[in-house]
1. Which order do 309, 249, 364, 167 fall in if you start with the one that has the fewest other Cβ atoms within 10 Å?
2. Evaluate the range 11-131: find the radius of gyration of its Cα atoms, find its Kirkwood radius, and give the ratio Rg to Rh.
3. Once every DSSP H run of n ≥ 4 in the chain is given -39500 (n - 2.57) and the sum is divided by its residues, what mean residue ellipticity at 222 nm do you get, rounded to the nearest 500 deg cm²/dmol?
4. What ranking of 64, 208 emerges when the number of other C-beta atoms within 10 Å of each C-beta is taken as an exposure proxy, fewest first?
5. So if I take the centroid of the Cα atoms in the range 52-74 and the same for the range 1-34, what is the distance between those two points in Å?
6. Quick one: angle between helix 2-26 and the longest Cα principal axis of the chain, in degrees between 0 and 90, rounded to 10, please.
7. If you line up the long axis of helix 313-329 against the longest principal axis of the chain, both from Cα atoms, how many degrees apart are they, to the nearest 10?
8. Compute the acute angle (0 to 90°) between the alpha-carbon long axis of helix 394-410 and the principal axis of greatest extent of the alpha-carbon atoms of the chain; round to the nearest 10°.
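Only the coordinates and a few stated rules stand behind these numbers; no lab work does. All values reported here derive from a predicted model rather than from experimental measurement. Cβ atoms come from the backbone with ideal geometry, glycine included; neighbour counts cover every protein chain shown.
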């Protein structure tokens, strides 16, 4: 009984600390910047390089390419279209509306999909974290909703989401389908084809979710290769073989010529900024490949640890945790509107760390939570409000991935071992420690 009470107290205070930290970051990055101290007035700060009309990525990258597909033309005749052929087909329903009304609908969908992604993330985290036999999961209800509302409010009120709305960027769509694929993998592990379809849809909206096929290989082994190959071929040539070939040509050109800007947090862009400074100041440079290898190395170390522990639903979620920052840093162009895809893994990590502290009483979980909140301050703050040396999000996303790796290493193997029962008495572990 005493252990149960201790668990509840720890969980309550961890949840409150996480909620307070999330609200504090919202205060710092969404509320206080509205106050112009010099003029003594409330005004909207300059956050990003806005383009007229708003929603340009949606208009030129999805809405008009969908028209080309319906007309039997190639969407790749427009230099603005750099996505897989399926993305234009996926956008066809928007053609039922005028471009301006379609953009308004998109904004509503971006709002809903961001919230739904956070909600689904915490549902996934809840489903894989072992339950305490004495308390079941009832006492987690406060934490469950605290994380959902806190991370959602932070996401929807700060820089990355506002940037995605301004550009009409749809990076939240592929992360939502990726989460659906992870959900099916956990809840219906035998449903190989639906899992492949959901991850493939995500991949053919934006390419970077392709790293998640590793999860399917870990679970299903070689038998997943044929479904992965067939479904990818189907979506690649969904609007004809010519468009599929054009996409391969376009994406190679685009990847080799990244848009270098402070609001592009890719390894290529950050490496360029660092080397320009080093060359001008010291006549030295860092091999650009090292900026790519840094996040890849973190992912490889974490993936190896999880592979040694064998596949389990918990390990699948932990690998997802490590993979999403990779999606931000490896593509050569990752503008800050893509920051919204990090919210799902932040929600999962906060949930895991709070439960880890409640179950063990070890302060390393609170330290990791504090570090994550500190990183989130910089990630959700516009580059226009930060010193030049701290303006790029690359180092902070890399730090976040490092925190995720430490979370993986801090998760006891007993919680991820598929040979053990799915419910483990966390409080008994605390007692033993």
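1. Working: 309 18, 249 10, 364 15, 167 23.
Ranked by crowding around the Cβ, least crowded first: 249, 364, 309, 167.
2. Working: Rg = 20.7 Å, Rh = 18.4 Å.
That ratio is 1.12, to two decimals.
3. Numbers: 19 runs with 275 residues, N = 433.
Helices in the chain give a 222 nm mean residue ellipticity of -20500 deg cm²/dmol.
4. On the way: 64 18, 208 24.
Fewest to most other Cβ atoms nearby, the residues stand as 64, 208.
5. So the separation of the two Cα centres works out to 43 Å.
6. Value to nearest ten degrees: 30.
7. 40 degrees
8. Taking the Cα atoms of the chain, the angle to 394-410 is about 30 degrees.
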